[in-house]
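One structure is given here, and the rest of the page talks about it.
The values are calculated or read from the model by the stated rules, or taken from the named source; none is laboratory data. Model, not experiment: these values are computed from the prediction. Cβ: placed from backbone, ideal geometry, glycine included. Neighbour counts: every protein chain shown. Calculation scope for accessible area: heavy atoms of the full protein, side chains included, ligands and nucleic acids excluded. Shrake-Rupley method; radii C 1.70, N 1.55, O 1.52, S 1.80 Å.
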Amino acid sequence: MLIGHHKLANPLILAPMAGISDRPFRTLCRKFGAGLAVSEMVASNPALRGHKRTLLKTDHTGETGLRSVQILGTDPGQMAEAARFNVQRGAEMIDINMGCPAKKVCSVAAGSALLKNEGLVTEILDAVVNAVNVPVTLKIRTGWDLQNRNAVAIAKIAEAAGIAALTVHGRTRACKFAGMAEYETIRQVKQAVNIPVIANGDIDSPEKAKEVFELTGADALMIGRAAQGNPWIFQQINYFLNTGKLIAKPDLSSVWQVLVEHLEALYLFYGDISGVRIARKHIVWYCQALAMPQSTQNAINQAQRPAEQIALIDSFFHPLTNASAE
């Protein structure tokens, strides 16, 4: 699949998730077969640009694969400037967020709140596309609420503005992440425009991935929450789409090894103190199917140093892997 002049290795994309799609996680998902991994969103507000957390979000040092950065904001001029700033820092693609339903984002009429104002959408897209010489993509929801599904109208605006690809999350802003994603609107968007369309929402298995491709006719799929603690999902979906067969889920030794590799990358990237703190949620996701005792979870959450955290992980997995080997 082509996005602008960039060819993706496969049609599976890691979603930009705030606080999750950092460089260590993007690298891991690409290792397991994501064709593209979009960075977590960065605000276009210039006052935040030099903030350490913002600079880390846009740090691509040593990163392999296509570098795509998602920007968020409501001011066309600021959005254009944010796009230029991120391209200067190494972004090879800019993604505009008009899909986030978070209250703190929507209260400033950013994210999916922008879908209400088609005139402002046009201004922002024109400003960003004209500001940079890399492909610009757009992420939206199906509309503001169930009575106002205007994704097709927004898609046509996007295509006219020169947007290179469009991701549609199959929920409205009002639905947040609740209920089931619907794919009919995504199918309508795909039929209405000629640019690549990426389907997003509730894609959590190889079988669901195939079903969503068939229901929508989309060119690619974006996977978000299902990849948390499960970077193997890209490998599993790719294999199923190519062969029609399912591959076995990773064994406990593989989960243990990848979890430790992920944690060590987090410590290296954020430093020991922040790395240990950020690692906690990832540990929960990797271990959620393994019935980790609450006492172990509490100890992991209270650990302050990388060596403590790793020792607790090792003491949890060691007896499990021994038992499964017998």
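Across every pair of non-identical alpha carbons in the stretch 285-324, the mean reciprocal distance, once inverted, gives a Kirkwood radius of 10.6 Å. Amide H contacts of ILE71 (H built 1.01 Å from N, in plane; Pro and chain starts excluded): VAL42, ASP95, ILE96, ASN97 sit under 5 Å, all sequence-distant by 5 or more or on other chains.
The fraction of accessible area contributed by carbon and sulfur in the chain is 53 percent, rounded to a whole number (1.4 Å probe; ligands and nucleic acids excluded). The simple spin-label model puts a point 7 Å past each Cα toward its Cβ; for SER253 and GLU184 those points are separated by 5.0 nm. Annotation: amide H of ILE3 within the under-5 Å range of LEU8, sequence separation 5 or more or interchain, hydrogens built in the peptide plane.
Exposure check, 1.4 Å probe, all protein chains in place: GLU81 carries approximately 70 Å² of accessible surface. Think of it as helices only: each DSSP H run of n ≥ 4 in the chain is worth -39500 (n - 2.57), and spread over all residues that comes to -14500 deg cm²/dmol at 222 nm. If you take the Cα centroid of the stretch 202-251 and the Cα centroid of the stretch 149-180, the two points sit 21 Å apart.
Computed over protein heavy atoms with a 1.4 Å probe, the accessible surface of the stretch 209-326 works out to 51 Å² per residue. Restricted to Cα atoms, the stretch 185-326 shows a radius of gyration and a Dmax of 18.6, 57 angstrom. Remark: the stretch 169-181, residue by residue, has Karplus-estimated 3J(HN,Hα) of 8, x, 9, 7, 4, 5, 6, 6, 10, 8, x, 8, 5 Hz, where x stands for each Gly or Pro and the curve is 6.51 cos²θ - 1.76 cosθ + 1.60 at θ = phi - 60°. Each of (i) 64; (ii) 44; (iii) 52 is a candidate for percent of Cα pairs over 27 Å apart; the one calculated from this structure is (ii).
Suppose every Lys and Arg Cβ carries +1 and every Asp and Glu Cβ carries -1, with no other charges. What dipole size does the chain come out with about its Cα centre, to the nearest 20 debye? Working shown, then result.
Numbers: 33 positive and 28 negative charges, 92 e Å.
My answer is approximately 440 debye.
Using the Karplus relation 6.51 cos²θ - 1.76 cosθ + 1.60 with θ = phi - 60°, the per-residue 3J(HN,Hα) values for the stretch 36-43 come to 7, 10, 8, 5, 4, 5, 10, 5 Hz, with x marking Gly and Pro. Amide H contacts under 5 Å for ARG141: HIS169, restricted to partners 5 or more places along the chain or on a different chain, H placed in the peptide plane at 1.01 Å from N. Remark: the SER315-LYS176 segment gains 46.2 nm on full extension, using 0.36 nm per residue and subtracting the alpha carbon distance.
Can you give the % of DSSP beta bridges in the chain that are antiparallel, to the nearest 5?
Values: 2 of 32 bridges.
Of all bridge pairs located within the chain, approximately 5 percent are antiparallel.
The distance between label points at ASN194 and ARG277 comes to 5.1 nm (points 7 Å beyond Cα on the Cα→Cβ vector).
Can you flag which of LYS57/LYS249; LYS116/LYS245; LYS116/LYS281; LYS156/LYS208; LYS31/LYS156; LYS52/LYS208 are past 32 Å Cα-Cα?
On the way: LYS57/LYS249 30 Å; LYS116/LYS245 43 Å; LYS116/LYS281 34 Å; LYS156/LYS208 27 Å; LYS31/LYS156 35 Å; LYS52/LYS208 38 Å.
As for pairs spanning more than 32 Å Cα to Cα, those are LYS116/LYS245; LYS116/LYS281; LYS31/LYS156; LYS52/LYS208.
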